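Worksheet: the structure to be examined is printed underneath.
The values are calculated or read from the model by the stated rules, or taken from the named source; none is laboratory data. Note that the coordinates shown come from a computational prediction; the quantities given were computed from them, not determined experimentally. Note that we place each Cβ from the backbone using ideal geometry, even for glycine, and neighbour counts take in every protein chain shown.
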Amino acid sequence: MPVPIPRQRAIPAVEGGQAQAAPAVGGPSKEEAPPTDDRNDDRNDAKKATVGDNAAPGDGVPHGVSAATHTNLTLLLIEDDPTAAPIVPDLLDSAGKPIRVRTARNLTEAERLLTDDVHCILLDLALPAPGRSADEDELAVLKHVLELAPRHAVLALTASGDAERGAEAVRVGAQDYLFRDELDGRLLSRAIRYAVERKRSDTAERRLAEGKLRAQENARLERGLLPTPLLEGSPLRFAARYRPGRSRALLGGDFYDTVRTPDGTVHAMIGDVCGHGPDEAALGVELRIAWRALTLAGLCGDELLSTLQQVLEHERDDDEIFATLCTVDIAPDGRRAGLCLAGHPAPLIARPDRPARLLPYDNNGPALGLLPGARWPRMQVELGAEWSLMLYTDGLIEGRIGEGRERLGQDGMVEMIRRQLSEGLRGEELLRAAVNEVRELNGGELTDDVAVVLLDRVP
């Protein structure tokens, strides 16, 4: 049995957009030939103008909202008896162009006719909903249409005097309601335009609320990535600087933390998961939390790093994912520290009596996740009475210098920090100046994440 062809109303509603009467059902005329690619291009351009370059496809903008400024508005009438006396008079949009009308006798036809160029749906609330009776839910058909077309404007059509049902329809999700026997061209045309704009406004508000929610979620993740140091009771001063490599991102694969254990030892670490996307950021947060828990539980050095490697191996999505790590444990008197390096650059130490330099890195162990059963020796280093210790990720040293392929490197970073210290920069001011200068030398934003931690001991 052939699928019934919905009747096109003999009003200015021809799909080609011309204000000519539709021919009798039985075959399209030349004027009703399918629209050309030019019209599709216009609709696509209109969509792009509304959604913007950064919006994802189907990101909540009503179909054809902005297209109204380029093409005729299209109304889909869903009525149980469209062959009866016309309930839709001649319609014109705000520019005087005819509003095209499609008709559907049931929801099955409506679903087939609900294409991207439909701007508004006029729904007869008396229409039965599939599988549900009006006695069960008098707005069942409206709820079904709202599920079917969540991004289209919907006008509810009800009997005169049934304002309560119409108001309930608006509460459920329709943009407005109209009385069936009070329709005229001006009223319906204006209602269609207002419904489309109201849906556009509702969608924009929803997207704004979703954007705020995503921002709040990102902020919570950022707080997890950039923790508050637990240094209560320690004389050491703490400063940190973090910049993700991804454009417009809050999170990256770098992570750090600092805690003081009950015996007075200050533990600090900084690490870098290979890559700098959201998956790497999540893994970095997991490793940081695991490090803090293991440190507060009393683990240190090789035992701690071996356990962290097990965490990494269980949590990573790919066997090739690895992480570099640098940990220091500073004795309660502040004069010496233990150092463990897992494929990570050595920290920089600066003291008043000698130029800034790198701590020894001869016993640097492999990165976490590379070698099963690896070991990470703990080196004892002397700090002295007054010092500044800077831990950093490789994003700080891998930026380019000028237009060539030469990179800053550790030697260039040491010279830069020496100069900035001689200029009197300390703490947050020093880290800010260092990161900004590295960015300027690179000629713009760095492609890798950058994290820097600074601990100062001033007697």
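Brief remarks follow.
- Filtered by the rule that a residue be under 20 Å from R260 (Cβ atoms) and at pLDDT below 85, the stretch 225-240 gives L226, P227.
- When the strands (runs of 3 or more DSSP E) confined to the stretch 63-136 are screened for residues that are at pLDDT below 85 and crowded, with 17+ Cβ neighbours inside 10 Å, none reaches at least 2 such residues.
Every residue, every condition in (1) modelled with pLDDT of 95 or more; (2) under 34 Å from the mean Cα position of the chain (by Cα), yes or no:
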residue: R248; (1), (2): no, yes
residue: C274; (1), (2): no, yes
residue: D279; (1), (2): no, yes
residue: S306; (1), (2): yes, no
residue: T324; (1), (2): yes, yes
residue: G338; (1), (2): yes, no
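- Lone qualifier among L391, L371, L425 - being closer than 28 Å to D319 by Cα and without any contact (Cβ under 8 Å) to a residue 12 or more places away in the chain: L371
- Among the residues of the stretch 285-300, those that are surrounded by 17 or more Cβ atoms within 10 Å (Cβ to Cβ) and either in contact with a His (Cβ under 7 Å, 6 or more places away or on another chain) or assigned to a helix (DSSP H, G or I) (or both) comprise V285, E286, L287, R288, A290, W291, R292, L294, T295.
- Every listed requirement among (1) modelled with pLDDT of 90 or more; (2) under 25 Å from V266 (Cα atoms); (3) surrounded by fewer than 17 Cβ atoms within 10 Å (Cβ to Cβ) is met by V450 save one, (3).
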